[in-house]
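Just so you know, all these numbers are worked out from the coordinates, no wet-lab data involved. It should be emphasised that the depicted structure is a prediction, and the values quoted were computed from it without experimental measurement. Neighbour counts are summed over all protein chains in view; Cβ atoms, including those assigned to glycine, are modelled from backbone coordinates with ideal geometry.
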Amino acid sequence: MADPVLEGRGLTKRFGGLVAVNGVDIAVERGEILGLIGPNGAGKSTLFRLIAGVMKPSAGSVAFNGRAITGRSAHDICVAGVAVTHQIVRPFREMSVLDNVMVGAFFGHRPRPRGRARARAAAMEALTVCELADRAGAPARSLTLAGHKRLEIARALATRPEVLLLDEVLAGLNPTETDRTLELVRAIRERGTTIVMVEHNLRAVRGVCSRIAVLVEGRKVVEGDPDAVLTDQRVVDAYLGTAHA
């Protein structure tokens with residue numbers, strides 16, 4: 001990969017004696033959807049937090065568009081163009097859906113919109129992409145789980161990211177909601193946003209991702225084409241156990 005838009009080298013995170021992420025190299029190609037999979041506790045969400053600035057790495061570095069962003073605040077990294085959604089959604093429940101997304105428009109990118117009207121327009125654009133425009137005036141607490149997931153994505157989109165990190169956006173969704181969300185992910189990529197997604201739904205990952213990287217016990221064990229990765233014996237053993245496999 002000649003010119004990755006996002007690159008991590010030797011990323012490591014220690015919590016006392018526990019090594020949650022251990023020397024991971026990851027490179028994201030501009031315009032792709034990269035899947036990040038692995039068993040529970042493999043370090044996937046921690047790796048996201050290191051990239052997004054939510055946590056500082058114990059070792060290693062992160063570069064975005066060729067410039068080091070290691071150690072910068074989550075806000076600075078978001079402003080630079082890397083947005084992240086969270087597995088457990090936390091909207092401003094009593095605020096409207098529109099106002100929730102306007103927060104992203106105002107504070108997530110530079111230059112900031114000049115005036116409420118421009119922030120509102122940016123927020124409505126994100127809500128339209130996420131098929132929530134008809135709920136713009138409703139309180140965020142009134143949304144279903146699927147609606148909350150879409151609101152989280154819309155709030156991230158309002159920051160106008162170059163790279164969008166999606167942390168288990170399919171968790172808890174039924175098959176119909178899952179398919180709709182995968183359509184949304186494809187639509188976002190088609191609009192020019194590079195996507196990295198942490199996911200447990202292997203069928204979904206196979207269907208939407210151009211490449212997959214697999215973490216096991218904090219280490220990257222394999223990376224490549226979805227079909228090749230998902231049939232790799234190391235991946236089968238990690239998910240099913242060696243004896244079962």
Discussion item. I'd like the distance separating the alpha-carbon centroids of the range 125-169 and the range 48-85, in whole Å.
Written reply: 22
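Name the GluC sites (Glu not before Pro) in the range 29-131 that are in a loop by DSSP and that have at most 14 other C-beta atoms within 10 Å, would you?
Counting only loop positions with at most 14 other Cβ atoms within 10 Å, the GluC sites (Glu not before Pro) in the range 29-131 are Glu94.
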Discussion item. Stokes-Einstein diffusion coefficient for the range 117-188 at 4 °C in a medium of 1.567 mPa s, Rh from the Kirkwood formula over Cα pairs: what value in µm²/s?
Written reply: 103
Worksheet entry | Cα gyration tensor shape of the chain, rounded if a/c is under 1.5, else prolate or oblate by comparing a/b with b/c | prolate
Practice prompt. Show that you can apply the helix-only estimate: for the chain, add -39,500 (n - 2.57) for every DSSP H stretch of four or more residues, divide by all residues, and state [θ] at 222 nm to the nearest 500.
Written response: -11000 deg cm²/dmol
Worksheet item: Lysine pairs in the chain with alpha-carbon atoms under 14 Å apart, 8 or more places apart or on different chains: how many are there?
Response: 4
Item to complete: Return P(r) of the range 1-92 (all Cα-Cα pairs; 10 Å bins starting at 0; whole %; ordered from short to long distances).
Response: 16, 50, 31, 4, 0
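Determine, from the Cβ-Cβ distance of Thr231 and Glu183 and an R0 of 25 Å, the FRET efficiency 1/(1 + (r/R0)^6), rounded to the nearest 0.05.
E(calc), rounded to 0.05, equals 0.45.
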Worksheet item: How big is D for the range 14-68, in µm² s⁻¹ as a whole number, if Stokes-Einstein is applied with the Kirkwood radius of its Cα pairs at 37 °C and 0.692 mPa s?
Response: 263
Worksheet item: Dipole of the range 138-245, Cα-centred, from +1 at each Lys and Arg C-beta and -1 at each Asp and Glu C-beta, to the nearest 20 debye?
Response: 400
Worksheet item: Among rounded, prolate and oblate, which fits the range 1-43 when a ≥ b ≥ c are the square roots of the eigenvalues of its C-alpha gyration tensor, a/c under 1.5 means rounded, and a/b larger than b/c means prolate?
Response: oblate
